[in-house]
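The values are calculated or read from the model by the stated rules, or taken from the named source; none is laboratory data. Remember, it's a predicted structure, so these values are computed and weren't measured experimentally. Every residue, glycine as well, gets a Cβ built from its backbone with ideal geometry; the counts of neighbours run over all protein chains shown. Each accessible area value is taken on the protein alone, full model and side chains, heavy atoms only, with ligands, DNA and RNA left out. Shrake-Rupley method; radii C 1.70, N 1.55, O 1.52, S 1.80 Å.
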Amino acid sequence: LRAGNVHTATGAEAFLHELIERVEAQICQVVAVRMDAGFPEEGLLASLEGRGTPYVARLKSNPALERLAQPYLRRPPGRPPAEPRTWLYELSYQAESWEQPRRVVLVVQERPGELFLHHFFLVTSFPAAEKAAEPLLEFYRERGNAESVIGELKSVLEPALSSAARPKE
């Protein structure tokens, strides 16, 4: 747990390394990390790369990323289909705070009934030959499934774990 007035990634590097070591020792030999947009900072990414732990993380959008995405944010000619469509583009990007460029996948989504394309960015240490863009996106989306299960577990355990009095429903 961290204080509410610190950055999301504060303390994440130490916590993650300890957790990875325990998981690799007790559960499996290979660990891969999925992170949300609050975590991809140079220190954490470099430390995961240094220990050989692959990762995929969502990136917060910024003007430099938006400039990279611009050529890919055009609808194809013709009527929009009734089903959603997704396009994936491989990019190389180096944030000002990063020591090196990294592989970034631009995910562009066309949703029925929406005027503009939706897009977001994933940064990863997986080589494209090992995990192409589509399997990488599927792997990242599993993070949401895990959070859903954790949310269910918390809702079941919350009354038993809370130290504060709760009103009865």
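Select from region 62-77 the residues that are under 13 Å from Val105 (Cα atoms) and open to solvent by less than 70 Å² (accessible area, probe 1.4 Å) and list them in ascending order.
We begin by selecting, within region 62-77, every residue under 13 Å from Val105 (Cα atoms); these are 65-66, 68-69, 72.
Answer for region 62-77, where residues must be under 13 Å from Val105 (Cα atoms) and open to solvent by less than 70 Å² (accessible area, probe 1.4 Å): Leu65, Glu66, Leu68, Ala69.
Can you confirm whether region 92-105 contains a residue that is modelled with pLDDT of 75 or more, under 28 Å from Ser47 (Cβ atoms), among the polar types (S, T, N, Q) and out of contact with any Lys or Arg (no Cβ under 8 Å at 6 or more places or on another chain)?
Within region 92-105 (the criterion being modelled with pLDDT of 75 or more, under 28 Å from Ser47 (Cβ atoms), among the polar types (S, T, N, Q) and out of contact with any Lys or Arg (no Cβ under 8 Å at 6 or more places or on another chain)), the answer is yes, since at least one residue qualifies.
On the basis of being over 22 Å from Ala132 (Cα atoms), among the hydrophobic types (A, V, I, L, M, F, W, C), touching a residue at least 24 places away in the same chain (Cβ under 8 Å) and in contact with a helix residue (DSSP H, G or I) (Cβ under 6 Å, 6 or more places away or on another chain), does Leu106 make the cut?
Values: over 22 Å from Ala132 (Cα atoms): no; among the hydrophobic types (A, V, I, L, M, F, W, C): yes; touching a residue at least 24 places away in the same chain (Cβ under 8 Å): yes; in contact with a helix residue (DSSP H, G or I) (Cβ under 6 Å, 6 or more places away or on another chain): yes.
Judged against the criteria, Leu106 is not a match.
Tell me whether region 89-98 contains one or more residues that are over 16 Å from the mean Cα position of the chain (by Cα), polar (S, T, N, Q) and exposed (fewer than 11 other Cβ atoms within 10 Å of the Cβ).
So far as region 89-98 goes, yes, one or more of its residues are over 16 Å from the mean Cα position of the chain (by Cα), polar (S, T, N, Q) and exposed (fewer than 11 other Cβ atoms within 10 Å of the Cβ).
Taking the condition surrounded by fewer than 18 Cβ atoms within 10 Å (Cβ to Cβ) and either touching a residue at least 60 places away in the same chain (Cβ under 8 Å) or more than 19 Å from Tyr140 (Cβ to Cβ) (or both), does Arg85 pass? Please lay out each step first, then the result.
On the way: surrounded by fewer than 18 Cβ atoms within 10 Å (Cβ to Cβ): yes; either touching a residue at least 60 places away in the same chain (Cβ under 8 Å) or more than 19 Å from Tyr140 (Cβ to Cβ) (or both): no.
For Arg85, the condition - surrounded by fewer than 18 Cβ atoms within 10 Å (Cβ to Cβ) and either touching a residue at least 60 places away in the same chain (Cβ under 8 Å) or more than 19 Å from Tyr140 (Cβ to Cβ) (or both) - is not met.
Output the residues belonging to region 30-61 that are part of a loop (DSSP other than H, G, I, E, B), open to solvent by 50 Å² or more (accessible area, probe 1.4 Å) and not charged (D, E, K, R). Give the steps one after another, and end with the answer.
Step one: of region 30-61, the residues part of a loop (DSSP other than H, G, I, E, B) are 30-32, 36-41, 51-54, 60-61.
Still in the running and open to solvent by 50 Å² or more (accessible area, probe 1.4 Å): 30, 36, 41, 51-52, 60-61.
Val30, Gly52, Ser61, listed by residue number.
Go through region 116-169 and count every residue that is within 30 Å of Arg75 (Cβ to Cβ), modelled with pLDDT of 65 or more and open to solvent by less than 100 Å² (accessible area, probe 1.4 Å).
The total comes to 20.
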